[in-house]
1. Over all directions, what mean area does the Cα convex hull of segment C:1-115 project, stated in square nanometres?
2. Report, to two decimal places, the Cα Rg of segment B:339-442 normalised by 2.2 N^0.38 Å (N = number of residues).
3. To make sure I understand the rule: partners must be lysines, Cα under 23 Å from the Cα of B:Lys610, and not fewer than 8 residues away in the same chain. Which ones qualify?
4. For a quick check of your reading of the filter: which GluC sites (Glu not before Pro) in segment A:12-113 sit in a DSSP loop and have no more than 16 other Cβ atoms within 10 Å?
5. Does segment C:120-226 come out rounded, prolate or oblate, given a ≥ b ≥ c as the square roots of the eigenvalues of its C-alpha gyration tensor, rounded meaning a/c under 1.5 and, failing that, prolate meaning a/b above b/c?
6. Using DSSP, restrict attention to beta bridges with both residues in the protein assembly as shown and report what percent are antiparallel, rounded to the nearest 5.
7. Compute the semi-axes of the equivalent ellipsoid of segment C:36-101, taking the square root of 5 times each eigenvalue of the Cα gyration tensor, and list them largest first in whole Å.
8. Need one number: convex hull volume per residue for segment B:409-561, Cα atoms only, in Å³.
Amino acid sequence: MHGLSFDIAHMLAGALVLVSFMMLYQVRLYALLNVLALHALVLSLSVAWQAHIQGSPHLYVTAAIALGFKAILVPWALRRMVFRMGVHREIEAVVSVGLTMLAGMALVALSLEVMLPVTAKADPIAREDIALALSVVLIGLLMMVTRRNAVSQVVGFMSLENGINLAATGARGMPLVVEISIAFSILIAFIVIGIFLFRIRERFDTVDVGALDKFRGGQG
Amino acid sequence: METVLIAILCLLLLGMIAAVTARMPIGRVLTYGGCLIVCLVILGTGLTSIAGPIQRLTLPLGLPGSGTHLRLDALASFFLVLTGLGGAGASLFAIGYGRHEEEPARVLPFYPVFLAGMNLVILADDAFTFLFAWELMSISSWALVMAQHREDGNAHAAFVYMLMAAFSGMTLLLAFGLLAGPSGNYAFDAIRAVSPSNGLASAALLLALIGTGAKAGLVPLHVWLPLAHPAAPSHVSALMSGVMTKIAIYGFVRIVFDLLPTPPWWFATIVLVLGGITAVLGVLHAMLERDMKRLLAFSTVENIGIVFVALGLALAFKANAFTTGVTLALTGAFFHALNHTVFKSLLFFGAGAVLNATGHRDLERLGGLIHRMPRTAVAVLVGCIAISALPPLNGFASEWLIFQAILLRPELPQWGPKLALPVDGALLALAAALAAACFVRAFGIAFLGRPRSPAAEQARETDIWSQAAMLIFAGLCLLGGILPGVVIDFLAPVLQALSGARIAPQVSDAWLTVAPITASRSSYNGLLVFLFISGSAVLTVAVIHRFASSGLRRAPPWDCGFPDPNPATQYTAASFDQPIRRVYGAVVFRTREKVDMPSPGDTRAASIAKTSHDTIWELAYAPIARLILAVATVLNLMQHLTIRRYLGFVFAALVILLVSLTLWQ
Amino acid sequence: MDMMGALLTQFAQMALVLGLAPLLTGLVRKVKARLQRRQGPPLLQPYRDLRRLFGKDVVMAENASWLFRGVPYVVFAITWVAASLIPTFATGLLFSWSGDLLVIIALFGGVRFAQALAGLDVGTSFGGIGASREVMIASLAEPAMVMIVFSVALIAGSTQLSTIAVFMQSDAVGLRVSLALALVALIIVAISENGRIPVDNPATHLELTMVHEAMVLEYSGRHLAMIDLAASLKLLAYASLIICLFLPFGLAGAASSPLDYAAGAGLWLVKLTGAGVLLSVSEMSIAKMRVFRVPNFLGAALMLALLGVLLLFVSRGM
C-alpha cells in the first residue's frame, strides 16, 4: 500500500498547484476568495495526509490550524473587508490572464527542474512535494506581481505561505513550535496588511496600488 | 547517376534555348514541355536509385586539383524525387499558366537553370560544387523574383532576398571552411573522415543551421520568404516554396546528420525551440494575411517549422543513441517534406489560377469562385484539407508520425530536450489547429460566399494544363494519405543510411495499417478511415433519399431574417480573423484596434483602424538596417576627399600592416 | 465464424451509438428542465424532431454550392466513424486499430473544418460569425486535447484507445497528478467542443453569442437533421471518451462472451446516464460566458493539460 500513499500525497500536492492556477485564472474578487479558501482546504488535507503517513500527530494540529484559520477565518475576514470597502469586484491584472498562466507554467517547470536533481537523495515522498511546493510559492509571488488590487496581493501572499507550509510538512521532523510561530507571524502580517488596506482606502479612495505611485516623489 | 547529370545538362541547354526563343509562342511550350520531360526523368531516377547502391562520379571540372565530386545515395535520391515531382508539376502547370506572362523573356531562360541548380545541390559531393550549385539556385531564383519587377514591392522583395541569400551562402561557406580542417580538402568524404574538435564542430553546426535555416525560412531568418516567394510568377512560387525550401532542409540534413559527428544535445534543443516558434509564428502570420500568395508563403514558414521540429527530435534522440526514435522522427520529417512539396505546390497553382482568372491576389476581392472555377475549387479544397493535417489526407499522416515520435519519450537525461519536447508537442498541435483555421478562411473567403468584386463575378475556369497539374497533385495528396505505409517503406533506405536502422516494413500488413512501433502502441489506417467515411456518407445519402425526402427548393438566404443582397455585408477575411487576432495577435504582434463609432444622429462614417507590429523585423532587422545606414552616412563623407588624402589612406594602411606584421613576429 | 462475430460486434457498436445519441440529448434536456421545475419535452423528443426533419424538403439558399449540400453528410459520416472508434461496451473491436486517439481528434477537427466552410458558403453574416468563432475556439481546444492525449498516452504507453482502456483498468495506474489535470482539461474541452454552457448555448437562436447554431443557420430539412444527429453523436462520443479513459471498469475485453458484452453495455449505460445528469446539473448552475472570456477558459485547459505532460516528462513518479 506504500504506492497508494505516495500517490495520494502527490495528488494533493498537485491539487494545490492546480488551485494556485485557478487563482491566476480568477478575475472576480469574491470567487478569488473562495479559491483561496479551497487552497487552504487542500493544504490542510495534504498536511493531514502527511500526518497520517508519517505517523506524527502534531501535524494534525497544523492541519487543523490550516483548516480553521486559513480556510475559514481569513477568507471570511477578507470577504467582509471587501464588502465594507466596496471594492470594485473585477480585478485588474497588469498582464493578461493567458500570459500569466503561461508564466506560471514556466515557473512550475523551472521549480521541478531545479528541485528534483538537488533533492535526488531525499525521501521520495518529500522530493516531488518540495518541487511542487516551490511552484506554489513562485505562483503566489507571480500573483502578487501581476495584480494591481491590494486584496488580490494579499491572496497571493496567503497562497505563497501555504506553499511554504506544504514544503515544511513534506520534510520530516519540523517542530511544531516553528509552525505555530509561522502561523502567528502570518496572522500578524495579515492584520497589518488589513489595517494598511483600510488606511490606503481612506486616503486614496481605492485599493489599486497603482494609485500609490502617484504620491511618490518626482513622479506626480 | 549519369541520367541525372545529363538531365541537368539538358536543363541548362533548355535555358539557353529559351533565351533565344522566349519571345516566340513556341518558346513557352518548348521550355516547359522540355522541363516537364526532364523532371519526370529525374523523378524516375530518384524513385529507382533510392534503394540502389551509392553511385559516385568525379568530373575534371571546378577547383584545380580536386575536381567536381558527385554522389547519388539514398538521401540524395529522395530529394531528387522531390525536385523531380515539384518540377514536373510546376512545368505542367506552367504550360498553360505561362500564357499570361507579360515578359516571358524574364522568366523562361531562368526557370530551367533554377531547376538545374536545385538538382545539382543534391548531387554535389564536395563543398565547392555544393556552394556553386547553391548560389546558382539562389541567383536564378532571384532573377525569377525580379521577373515582374514593375509591380509594387517586388524590387524590394528581390533586394531583401538577395541579401539573405548572400548571407546564407556566406555562413555555409564558413561552415565548410571550418569543417575542411587543416588539410583543406573540401570533398565530403574527406570532411566525413575528419573528426573536428568540439568547439569547431559546434561552430560549424550553428553556421550550418543559420545558413540552411535562412534558405528554408526558419524564424528569425524568415523575413525574406513571404516577400520573395509571392513576388515570383505562381509556378515559380510553387517551386520556391515547395522545392527550394526542401533543398535547404537537404543541406541541413546532409551537413548535420551525415558530414558531422553526432551533435550535442544543446544543439537539438536550439533546433526544437526554433522549429516550434517557427511553426506557430508562421501560421499566425498566415492567418492574418490578406494576400493569397503571401498567406501561402507564411504557411510554408509554418511547415518548415514542423519539419525542423521533427529534425530536432531526431537530433535529441540521436544525442542519446536512441535509434528507434531517430528513425521515426526522421521518417516524419521526410514524409512531411514530401507532403509539403505536394500540397504547397498545389495551393500555389490554385492561387495562380485564381490570380489569372480575376487579376486579384487580395482575398477581400474574391469570393464565390466555387461556382465559376469548379475544378480549381475541388483541387484547392483537397490541398487545404491536406495542409490542415486532417485525415484521411497526407498532411495528417506525417504529423501523426511526428506526434508518435514525441510520444516515444525515452529517458532523456538533459533538461533542454526534456522540457522542449512537450512544449513542442503543444506548439505543433496549436500550429495544426491554426492552420485549419487559416485555410478555412483562405478557401472560404476566396471560393465560397458571394463575389466581392466584378472581376470575381466574371472569373472563368483556368486552362486544361493547369487543371491537370492541380488535379494530379490533389490525387497525390489523397494517395499519400490513404497509403502512408508505402511512403514509409519507400523512405526506409534513407533512414538505413542515416541512422543505421529502419522502421518495420508497413506494407506487409494485410489491411495496410501503419504501425510504426507496434500495433498495440499506435496504429493508423488511412485507407480504412477513408473507406469508412465515404462508405457511411454514401450509405446515408442513399438511405435518406430513398426512404425519407429528396426534395430541394431554392430560396433567398435566411440569415435569421436579415438577408442583405449587398455582398459587402458578408464576412470578410479581416472580420473572419478578428477573434484570432484578438486572442493571439495582441500578444504576438501587439495588434490594437481603434473603433470610432459616431453617436446616433452623427452622419460621420464609422471607422475601425487596426495597427500591428512585426516584432521580429523591428527587433532584429530594423536596428541592423539603421546601423548600416548610419555607418554609410559616415562613410559617405569619405567620398569627397582630395586625391592626396586617398593616397594618404593607402599609405597609412600599408604602414599599419607592416607594423602589425613586425609585432606579430 | 470468428470474423463474423467480430464484425457483428463492431456493427452492434456502430448501431448502438447511432441509436442512443438522440436519447442522451433528450436526457440532458429533460433533466435540465426538471431542475428548472419545468415539465420539459419527453425523453424521446429528439427522435421525433429528427423524423419530422427527415420528412421535409430542403430549402436551400440560391447561391449555395455543392459543398453546402455535401457537408451535412460528410459531417455526419465523420462523426459516426469517430464515435464508433471509441470503445463503449468493449475494447479491441475489429476496426478499433484503424485509428488511435489522435486520429479521433483529427476526425473531429475535420468535422469542424467542414462545418465552418459550410457556414461561409452562403455568404451571410451569421454563417461567418459562427465559423470565425468556431475556429478561434478550436485553435485552443485542439492543442489542449492533444496535450490530454499526450498525458494519457505517456502513462499508458499507447495512443490506442483499447490499449489505454485495458491499462486504466489495471492496478498499474494508481492516482496520478497528470491524470487528474488531464481529466479537468478534458471536461473543459468536451464542454467547449460540444458547444455547451458556458462556452455556447445549444438552445439559443438570435443571440449574438451563439457559435455552432450560427454556423448551421442556413440548414433545413434533412440536412439539418443530419447536423443535429451529428451533434448528438458528438456529445455521446465525448461522454464515452471520458468514461473510457477515466472510468473504464466493466468494459468487456477483446473477444468476450455475449454475456460480458451485455454487462459492459449495461454499465456503460449507467455511466452515460450519470454523465448526462452531471452535464445538466453543471449547465443549470453556471451562466454562459462572453465570447472573449472563452479563450481564457480554454487557455486554462491547455495550460493544465500541458502541465500534466510536463510533469510526466520531468519526473517519472507522476
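The numbers here are math on the coordinates, done by the rules we state, and not lab data. The shown structure was predicted, so the numbers you read here are calculated from the model rather than taken from an experiment. Please note: Cβ atoms are built from the backbone with ideal geometry, for glycine as well, and neighbour counts cover all protein chains shown.
1. Details: hull surface 41.2 nm².
Average of the hull's projected areas for segment C:1-115 equals 10.3 nm².
2. Values: Rg = 17.6 Å, N = 104, 2.2 N^0.38 = 12.8 Å.
That ratio works out to 1.37.
3. B:Lys293, B:Lys594
4. Working: sites: A:Glu90, A:Glu92, A:Glu113; in loops: A:Glu92.
Filter output for segment A:12-113: A:Glu92.
5. On the way: a/c = 2.97, a/b = 2.55, b/c = 1.16.
Taking the square roots of the gyration eigenvalues as a ≥ b ≥ c, segment C:120-226 is prolate.
6. 75 percent
7. On the way: eigenvalues 175, 122, 19 Å².
Taking √(5λ) for each eigenvalue gives 30, 25, 10 Å, largest first.
8. Numbers: hull volume 42.1 nm³, N = 153.
Looking at segment B:409-561, the number lands at 275 Å³ per residue.
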